[in-house]
1. How much length, in nm to one decimal, is gained on full extension between ALA166 and ALA98, taken as 0.36 nm per residue of separation minus their Cα-Cα distance?
2. As a test question: what accessible area, to the nearest 10 Å², does ASP173 have when a 1.4 Å probe is rolled over all protein chains in place?
3. Put HIS243, HIS206 in order of accessible area, largest first, 1.4 Å probe: what do you get?
4. About its Cα centre, what dipole magnitude does segment 179-291 give when the only charges are +1 on Lys and Arg Cβ and -1 on Asp and Glu Cβ, stated in debye to the nearest 20?
5. Taking +1 at the Cβ of each Lys and Arg and -1 at the Cβ of each Asp and Glu, which of SER177, LEU214, HIS243 sits farthest along the dipole of segment 163-268 towards its positive end, judged by Cα position relative to the Cα centre?
6. To the nearest 0.05, how large is the calculated FRET efficiency for ARG218 and ARG250 if R₀ is 30 Å and r is the Cβ-Cβ distance?
7. Using DSSP to call loops (not H, G, I, E or B), can you name the trypsin sites (Lys or Arg not before Pro) in segment 179-223 whose Cβ has at most 11 other Cβ atoms within 10 angstrom?
8. Leaving out ligands and nucleic acids, and using a 1.4 Å probe, what accessible area per residue does segment 206-281 come to in Å²?
Amino acid sequence: MIAHGHDRSTAAARSRPVLVVTLVLTSVMMVVEFVGGLWTGSLALLADAGHMLTDATALGLALIAAWLAARPPTPAKTYGYYRAEILAALANALLLFAVAGSILVEAWHRARAPAPVMAGPMAAVAALGLAVNLLSAWLLHRGARESLTVRAAYLEVLSAAGVMVATGWTGADPLASAVIVVLIVPRTWSLLRQAVNVLLEGTPAHLSLTEIELAITRVAGVRRVHDLHVWTLTSGREAMSAHVVVDDVRESERLLQSLHAVLHAKFGIDHTTIQLETAPPEVLRIKAPEG
């Protein structure tokens with residue numbers, strides 16, 4: 001017996017207005033920093049514009065996920081368009097690695113031959129960026145932890161501008177840009193790993209097959225589990241399939257309800273495909289008498 005469990009969350013849909021506002025603020029500030037970096041000659045501002053690109057992309061992907069989650073599956077796309085978000089994340093990660101590499105190369109050249117930087121305007125643009133980021137963090141609330149590295153990047157830009165204003169040492173600008181790249185790379189690497197793992201239908205990092213199997217076998221009437229698979233459809237939405245050997249398939253309704261409840265409560269898995277089956281009868285082997 002096979003049963004499916006589905007539960008479409010509306011949390012993403014409810015967060016759309018906040019995501020849209022935050023995305024607009026971040027994108028506008030990213031453009032301002034890019035233009036400001038070209039105008040002032042500040043590599044740190046250009047690097048931070050790349051850093052903001054990571055945040056704008058994350059917000060954009062969250063909006064894409066909310067939009068795609070609302071679209072029903074079709075006969076041609078039985079899972080809908082969930083994987084479009086993952087493909088976008090993969091392309092974004094590769095692009096950000098290229099941006100980070102180009103910034104590091106330019107920082108090396110500027111460290112050897114410092115270029116003039118308009119420190120005052122640079123500090124003003126960086127201060128505006130910090131204000132926008134703090135406003136975005138306040139709007140997102142729950143995502144405030146992720147904003148810590150972004151705020152650190154802005155502080156690096158402000159510190160570099162302060163050093164140049166006070167001492168005239170333009171070498172602080174490429175140094176700050178290199179620090180910002182150090183902040184970009186780990187986030188980008190994590191994004192790349194997650195995207196590849198989803199495309200390979202790997203087990204989500206926050207879930208353990210051993211723990212899931214143990215929770216299933218603890219349900220009354222379940223003997224064992226085999227062919228257990230857990231994978232990610234899109235961000236925040238996991239799926240699971242398994243063959244569950246039970247004592248009596250006539251209790252299928254109770255068993256399936258219990259299994260779905262356990263998987264949802266303990267692991268947040270709402271998309272489940274469970275096949276109930278009984279253990280095959282043991283084959284008796286009659287040993288021939290010794291002659």
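1. Fully extending the segment from ALA166 to ALA98 adds 21.2 nm.
2. Accessible area of ASP173: about 0 Å².
3. HIS206, HIS243
4. The calculation lands at about 340 debye.
5. Looking along the dipole axis, the top candidate is SER177.
6. It comes to 0.90.
7. For trypsin sites (Lys or Arg not before Pro) across segment 179-223 that sit outside H, G, I, E and B with at most 11 neighbouring Cβ atoms in 10 Å, the list reads ARG218.
8. Accessible surface, normalised per residue, equals 50 Å².
The values are calculated or read from the model by the stated rules, or taken from the named source; none is laboratory data. On a predicted model such as this, the values are computed, not experimentally measured, just so you know. Reconstructed Cβ throughout: ideal geometry from the backbone, glycine too, with neighbour counts over all protein chains shown. When the accessible area is computed, the model is the full protein with side chains, heavy atoms only, and any ligands, DNA or RNA have been set aside. Shrake-Rupley method; radii C 1.70, N 1.55, O 1.52, S 1.80 Å.
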